[in-house]
Amino acid sequence: MSVKGYKVFNSDWTCRGFQYAVGEIFKHDGDIEMCGAGFHFCTRIADCFNYHPFDSSNKVAEIEAIGDVITGDDKSVTNEIKIIREISWHEVLELANTGKDCTGCNNSGNFNSGYRNSGNYNSGNYNSGDWNSGYCNSGNYNSGNYNSGDRNSGNYNSGDRNSGNYNSGDCNSGNFNSDDYNSGYCNSGSYNSGDRNSGDFNSGDCNSGNFNSGDCNSGDFNSGDCNSGDWNSCNFSTGFFNSVSQPLYAFNKPINMERGKFYNCEGVQILYNEFSP
């Protein structure tokens, strides 16, 4: 029983040094072996380009295996083959893609110029999302590579709107951020503009310090919160190497009152309510 299929050739109708011609039958003497001996072909035209470049200077033909056939995962081999007709590249595109207006290969979406895209309007390869110009994106509107989020211009982002790399949060312009709105690097908190911060909102809405694990720090190497100095493990310090919080000052004098109690004072609450934006 004959088997129909497809085969790709060099521009001179040779393949692996053997000369073929349209309309002729060729026979192989001896045993056939997958990836070894015989005439190889594919039953799906897209599978041919797993073994040949997607190059319009090559020749593509419809063939018929009329001898013995051994079939593997994506290709077959026979001892007798007939070259039925040459296939134009316009027809190759139609046969290789299930979508419309694709210039690549093995695309199931529409308007793709890359390879193996299941989304639409992709110019890269292996995208399952839409409007990607990079590679291996499962999100949408990515110009980088290996993004699972959307609108990323970097690489390996699982969040959205990142211009850096390896971000799992959103709107990061740095690298290795796991939270959101960071312009620095290796931050696990949010709204940091420095590097390697695990806290949030350092130096106001953007962290300008480095290596802080607390929050609202404008200095460096602080593990506490709201410090403007360096290497502080307490909170609300303006100095260096402090482990105990400094006294609360009011009207340029220290007061014997905890911050929480001070903020809850009736007079302080009236001021906040009166002057809050």
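The values are calculated or read from the model by the stated rules, or taken from the named source; none is laboratory data. Owing to the predicted nature of the structure, the values given are computational and were not obtained by experimental measurement. Ideal geometry is used to build each Cβ from the backbone, glycine not excepted, and the neighbour counts take in all protein chains shown. For accessibility, only protein heavy atoms count, side chains too; no ligands or nucleic acids. Shrake-Rupley method; radii C 1.70, N 1.55, O 1.52, S 1.80 Å.
Quick notes on this structure:
- Spatial separation of Cα centroids for segment 1-34 and segment 130-190, in angstrom: 47 Å
- Rg(Cα)/(2.2 N^0.38 Å) for the chain, N = residue count: 1.75
- Applying the criteria of a DSSP loop state and at most 13 other Cβ atoms within 10 Å to the chymotrypsin sites (Phe, Trp or Tyr not before Pro) of segment 227-277 yields PHE241, PHE251.
- Length-normalised contact order for the chain - Cα pairs under 8 Å, 6+ apart - percent: 6 percent
- With the biggest extent put first, the Cα atoms of segment 136-245 measure 51, 17, 13 Å across the principal axes.
- Taking every protein chain into account, the accessible area of the chain amounts to 55 square angstrom per residue (probe 1.4 Å).
- All other residues whose Cβ lies under 13 angstrom from that of GLY267 are scored, Lys and Arg at +1 and Asp and Glu at -1, for a net of -1.
- A simple count of charges around ASP150, restricted to other residues whose Cβ falls under 15 Å of its Cβ and scoring Lys, Arg +1 and Asp, Glu -1, yields -2.
- The trypsin sites (Lys or Arg not before Pro) of segment 50-130 that DSSP puts in a loop, and whose beta carbon has at most 14 other beta carbons within 10 Å, are LYS100.
- Peptides 171-182, 11-22 ordered by average Cβ neighbours within 10 Å, highest first: 171-182, 11-22
- Segment 77-193: equivalent-ellipsoid semi-axes (sqrt of 5 x gyration tensor eigenvalues, Cα, Å): 40, 13, 8
- Normalised Debye scattering of segment 1-137 at q = 0.10, 0.13, 0.16, 0.21 Å⁻¹ gives log10 I(q)/I(0) of -0.36, -0.57, -0.80, -1.13, counting only Cα atoms as equal scatterers and leaving out solvent.
- Among beta bridges from DSSP that stay inside the chain, the antiparallel ones total about 90%.
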